[in-house]
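Undergrad: Below is a structure I'd like to ask you about.
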Amino acid sequence: MIATPASPLAGPLRFVRYAFMPNKLRFCGSDDNTTLFGYGLEGVDDGGLKPLLSHFTGALPYLQLIARANGIADPFDPRVVEAYWLGNELLKGVEVRQLHDALLARFGAQLQGRTRELVLGKAPAGARPHHNFHVLDVHSRVGELDHSLATLDNCRISWGKVQRVDGAELLIERHPLVMQEGKLMLSAARPERVVRQIDGRGFADASQVGDWVSLHWGWACEVLTERQKTNLERYTRYHLGIANQTI
């Protein structure tokens, strides 16, 4: 079963669902994790959330690029936020030169030689400004995180099918990232336990057996629609192919 939400989710609130756990782990954003969690739980965008999200300097430039390329004024527009974390048609609205120039402006000064060529070359290779592109091809090369397989697998947005709801955890089946014959790929689905609640509450409280949920650093971000799950899988596999060109 794949759930369909009753109403659209405001962009800043969806952003919180994905940014919450890396913020809790102190990888990104400011020291406002409790406040962010509260916003995500209450589901109310009162205007105070966007200033907090401006501290997520890893994701925000991509949101701004997607919005600008598609003629959207607000980088936290729900379509833009969904495009970055999960993937949608807005990614195709970003031209090769726009992504190349954005990567050059952001990382050009800190990258040298072959590494600089590899990162900038991802735009003409077909990369899109999706979170999983950044994880697979940019993160480690700009020194933001180590390049271990476990880090890549935890940091990318993945998806899993709920097998059992077990208190604050979900038992899911998920395709983990593996290295085979020198290439990154998704292995056969295997069972994993992930966290869905802290102190009895979370963002995927409505999840049921058979639902697909998105995952970030072992945290169940939300229940996915069929369209969202399909887009996330498609853009993940697509960017694995691009990453494998230069491994």
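Undergrad: Any idea which of L9, H216, A189 is furthest toward the positive side of the dipole for the chain, if Lys and Arg beta-carbons carry +1 and Asp and Glu beta-carbons -1?
TA: Most positive-ward Cα: A189.
Undergrad: Let me ask something additional. Quick one: putting +1 on the C-beta of Lys and Arg, -1 on the C-beta of Asp and Glu, what dipole do you get for the chain around its Cα centre, in Debye to the nearest 20?
TA: 660
Undergrad: In whole Hz, with x marking every Gly and Pro, tabulate ³J(HN,Hα) for the range 42-52 from phi via Karplus 6.51 cos²θ - 1.76 cosθ + 1.60, θ = phi - 60°.
TA: For the range 42-52, the Karplus curve yields 6, x, 10, 9, 9, x, x, 7, 4, x, 5 Hz.
Undergrad: So how strong a dipole does the range 150-214 carry about its Cα centre when Lys and Arg Cβ are +1 and Asp and Glu Cβ are -1, to the nearest 20 debye?
TA: The calculated dipole for the range 150-214 is roughly 120 debye.
Undergrad: Looking at the chain only, what percent of DSSP beta bridges run antiparallel? Nearest 5 please.
TA: Of those bridges, close to 95 percent are antiparallel.
Undergrad: Still on this model: Which whole-number percent is the relative contact order of the chain (Cα, under 8 Å, 6+ apart)?
TA: The normalised contact order for the chain reaches 20 percent.
Undergrad: Another question, if that's okay. Distances over 30 Å make up what percent of all Cα-Cα pairs in the chain?
TA: 22
Undergrad: Next question. Which value, in debye to the nearest 20, gives the size of the charge dipole of the range 11-147 about its Cα centre, when Lys and Arg are +1 and Asp and Glu are -1 at the Cβ?
TA: 440
Undergrad: For the pair L118/T230, report the inter-label distance in nm, with labels modelled 7 Å from Cα in the Cβ direction.
TA: 3.5
Undergrad: Follow-up question, since we're still on this one. For the ranges 59-66, 79-86, what's the packing order if you count other beta-carbon atoms within 10 Å of each residue, average per peptide, and put the highest first?
TA: Output ranking for 59-66, 79-86: 79-86, 59-66.
No value in this document is a laboratory result; all are computed from the given coordinates. If you're wondering where the values come from, they're calculated on a predicted model, not measured in any experiment. Here the Cβ is made from the backbone with ideal geometry for all residues, glycine too, and neighbour counts use every protein chain on show.
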